[in-house]
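In what follows, a structure is listed as structure tokens, so that the remarks can point back to it.
Where a number appears in this text, it was derived from the coordinates with a stated rule and is not lab data. Fair warning: this is a prediction, and the values are worked out from it, not measured in the lab. Positions of Cβ are generated from backbone atoms using ideal geometry, with glycine treated the same way; all protein chains shown enter the neighbour counts.
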Amino acid sequence: MRSIRIISPSGAIDPVYIDGATVRLQSWGFTVTEGRHARNRWGRFAGTDEERLSDLVEALQDPSVDAILCARGGYGLQRIIDRVPAITKPIIGFSDITALHQWSAISGQTSVHGIMCKHIATLPEDSEPIQALRRLLAGESVQYTWETHPLNNPGHACAPIIGGNLSVLYGLQGTPFSLNKQSYLFPILLIEDISERHYHIDRMMRNLRMSGVLAHLSGLVVGQFSDCEDDPLMQQTVYETIKEVVADYDYPVLFNAPIGHVEHNVPLLLNRHATIDSGTNSVLLTHGLNIDVAD
């Protein structure tokens, strides 16, 4: 039996969701433990910087822990990421956890962009995010299909997939954890976000273009931009803004992926090869083999 450690490296969480996630993961055959400070609250954070950092470091260094589930996102990793040692085991989470996913990419470690304690605890067992996460943790592969979007740039790509929350990635640019620092040649980039102003999204995408990130991709997967309202003064939709920024590149661009700050947030293996296609339907195929989380 394999072990999952739950920690809270960012925002504080209602402990009931830790309890619920623990029950579900145990029902899948995992041993579940908690960081000493996983239920703490210090303002908006799940404990002080030192407490959150210590739980993360202990989980990385404990040989009995096979994977680390982040209880929730929020905000907090930007305050401690420069003190986190190289990532040596799979991290599960999204949103603010993108900082750890990017450090995982630089460290050469597979991670899981997917649901955290609240949705693990509350989504129906037969829901796609739950079933897909269970398959990934069991070392199986997953395949997702969704309706093609009018803004898609059709094509095919097979490459390591990296990324996550656009705002977090933007905040890491110009640091040792930036997208320019990962070692993959021409990866597929995943982006999603929540509650950002339209022009902020334009600014962040322009940064990725000017810093050379967008020119060195094999593909772009655009997930959900939840509560990101279209600004009429921008004279285009949020998706159209993103499309405009990458218009000069000929790689496939897939919009409206079921990934992000929504209940139907399907998990992906980051820093592992994925295949994307855009045709009659958009297809994202992620291989979950050899993740080494379950027997």
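The per residue volume of the convex hull around the alpha-carbon atoms of segment 1-157 is 137 Å³. Among 71-79, 99-107, 228-236, sorting by the average number of other beta carbon atoms lying within 10 angstrom of each residue, highest first, gives 99-107, 71-79, 228-236. Segment 1-38 and segment 177-221 have their alpha-carbon centroids 31 Å apart.
Given their separation in residues at 0.36 nm each and the Cα-Cα distance between them, residue 19 and residue 262 gain 85.3 nm when the chain is fully extended.
Lys and Arg at +1, Asp and Glu at -1: add these up for the other residues within a Cβ distance under 15 Å of residue 221 and post the number. Around residue 221, the surrounding residues sum to -2. Here the calculated FRET efficiency for residue 64 and residue 41, from their Cβ-Cβ distance with R0 = 25 Å, stands at 0.40, rounded to the nearest 0.05. Ranking 111, 53, 75 by Cα position along the charge dipole of segment 3-137, where only Lys, Arg, Asp and Glu carry charges on their C-beta atoms, puts 75 farthest toward the positive end. You can think of it this way: the chain between residue 31 and residue 3 has 9.6 nm of extra reach, that is 0.36 nm per residue less the Cα-Cα gap. Expressed to the nearest 5 percent, the antiparallel share of DSSP beta bridges inside segment 3-137 is 15 percent. Assuming charge only on the beta carbon of Lys and Arg (+1) and of Asp and Glu (-1), the dipole of segment 12-149 about its Cα centre is about 200 debye to the nearest 20. The structure shown yields Rg and Dmax of the Cα atoms in Å, and of the options (i) 18.0, 56; (ii) 19.7, 70; (iii) 18.6, 65 that calculated value carries the label (i). Peptides 108-118, 146-156, 130-140, 215-225 ranked from most to least packed by the mean count of surrounding Cβ atoms within 10 Å: 108-118, 215-225, 130-140, 146-156.
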